[in-house]
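Okay, structure first, notes after.
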Amino acid sequence: MFELMKKVIRIRQSIIFAATGGFCVISAFIIYTLEPETFPNPFIGFWWVMTTITTVGFGDYVPKTVAGQTFGIFLYVTGIALIGVMIGKIVEAFSTYQTMKEEGKLDYKGKKHFVIVGWSSKTFKTIEELLLINKSNIVIIDTKQQAPCSHARISYIQGDPTSRETLERANILYATSVCIFASDPIHNSVEADGKTLLIATAIEHFAKERNHPIYTIAEILNEKHIPNFKHANIDEYILSNEVFSDLMAQSAIYNGSTKLFMQLLHRKQGDDIWEIPKKLDWCVYDDAFCALKKLGATLIADHEDFSIVRRLQDPIPVDAKLYIICDETTYRKIIS
């Protein structure tokens, strides 16, 4: 008996589901044939079969004849065993899915997500900010055996980030942007930047191969390596050590200035930097500047150009990317 149960449990899920469904339908017709007066149609028979094998037992339909009751006894033994195995298979499938998700073995099929390559303490902070700022999902690519963090909007892909298969599993072609981080621990800036450059090159090559642009941002540890990253067509790079040094220098000269930078960098604190589209009735920068000022926001830049405040009469280009400083309530009012 135990050997038989072991063999049943090892049967594929599709076969178990098909066998259970077929068993229930056939049983419904059998009880309808045995007792047509008690079970006036096969659907009523099916109702009785389902309430019996699931041990609900409403008692609204009960077999009256010896043949019907004998079949009921057979149904108790075989039907309940079958439905038990099927429920076990469903639970097992959910458990397997959760395990594969945690181990990064499931492909990501969504679009307009953020891809994070490499896990470090800086990665964790970046993900926290992304979850606050944006409602999009995040996909982490790393070689760890388990997902480094857990969140409903975070998916994990385990694999080599220079591999085409791994990039395809992360659906990287349809990502909003890709952020490449230097993984912890960092023993040597040359090795760390070399690894980042290799990953970035693989991503750019994959994008070129598929004729689909991928916006790539890379963390660089050594300023001397910037020309190599420019050669690899990286869209943006961030000097990890330079940011810290610049903030320290600014704080030393202008005491307390780092509080201003930290406020603009973190969504949890005060006003923030937001990107807004150009309105149809804004012809020159002064139009945008005055309209935004009335709403409680300050226009500061177009793309990376901060000089627009000195040339407010210049026309706003069609591809303008305007940045403002305000709180979230004002930002929502502006974009609505």
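Among the residues of region 321-336, just one is open to solvent by 50 Å² or more (accessible area, probe 1.4 Å), more than 15 Å from ASP271 (Cβ to Cβ) and either in contact with a His (Cβ under 8 Å, 6 or more places away or on another chain) or part of a strand (DSSP E or B) (or both), namely LYS321. Within region 204-242, the residues that satisfy the criterion of being closer than 15 Å to ALA175 by Cβ, open to solvent by 60 Å² or more (accessible area, probe 1.4 Å) and either touching a residue at least 60 places away in the same chain (Cβ under 8 Å) or touching a strand residue (DSSP E or B) at 6+ places or on another chain (Cβ under 6 Å) (or both) are TYR215, ASP235, GLU236. For the residues PHE71, PHE17, the requirement of being at negative phi and at pLDDT 90 or above singles out PHE71.
Of the residues making up region 273-304, just one is more than 16 Å from LYS321 (Cα to Cα) and open to solvent by less than 40 Å² (accessible area, probe 1.4 Å), namely ALA291.
Of all the residues in region 112-141, those that are of a type in the set (Ser, Thr, Tyr) and without any contact (Cβ under 8 Å) to a residue 12 or more places away in the chain number 0. Taking region 305-320 as the range and being surrounded by fewer than 17 Cβ atoms within 10 Å (Cβ to Cβ) and farther than 18 Å from LEU264 by Cα as the test, the residues that pass are SER307, VAL309, ARG310, ARG311, LEU312, GLN313, ASP314, PRO315, PRO317, VAL318, ASP319. Cβ contacts < 7 Å: first residue open to solvent by less than 10 Å² (accessible area, probe 1.4 Å), restricted to region 163-177; second residue aliphatic (A, V, I, L, M) and part of a helix (DSSP H, G or I), any location; separation 6+ or different chain. Result? Filtered contacts from region 163-177: LEU167/ILE203; ILE172/ILE203. Here is a check on your reading of the model: is PHE94 at pLDDT 80 or above, in a helix (DSSP H, G or I) and open to solvent by 40 Å² or more (accessible area, probe 1.4 Å)? Yes, satisfied. Please verify whether ILE154 is closer than 22 Å to THR99 by Cβ, open to solvent by less than 20 Å² (accessible area, probe 1.4 Å) and in contact with a His (Cβ under 8 Å, 6 or more places away or on another chain), treating the condition exactly as stated. Against the criterion (closer than 22 Å to THR99 by Cβ, open to solvent by less than 20 Å² (accessible area, probe 1.4 Å) and in contact with a His (Cβ under 8 Å, 6 or more places away or on another chain)), ILE154 does not qualify.
Checking each residue in region 229-276 for being at pLDDT below 65 and of a type in the set (A, V, I, L, M, F, W, C) picks out VAL243, PHE244, LEU247, MET248, ALA249, ALA252.
The values are calculated or read from the model by the stated rules, or taken from the named source; none is laboratory data. Just so it is clear, the model here is predicted, and its values are computed rather than measured. Please note: Cβ atoms are built from the backbone with ideal geometry, for glycine as well, and neighbour counts cover all protein chains shown. Heads up: the accessible areas ignore ligands, DNA and RNA and are worked out on the full protein's heavy atoms, side chains in. Shrake-Rupley method; radii C 1.70, N 1.55, O 1.52, S 1.80 Å.
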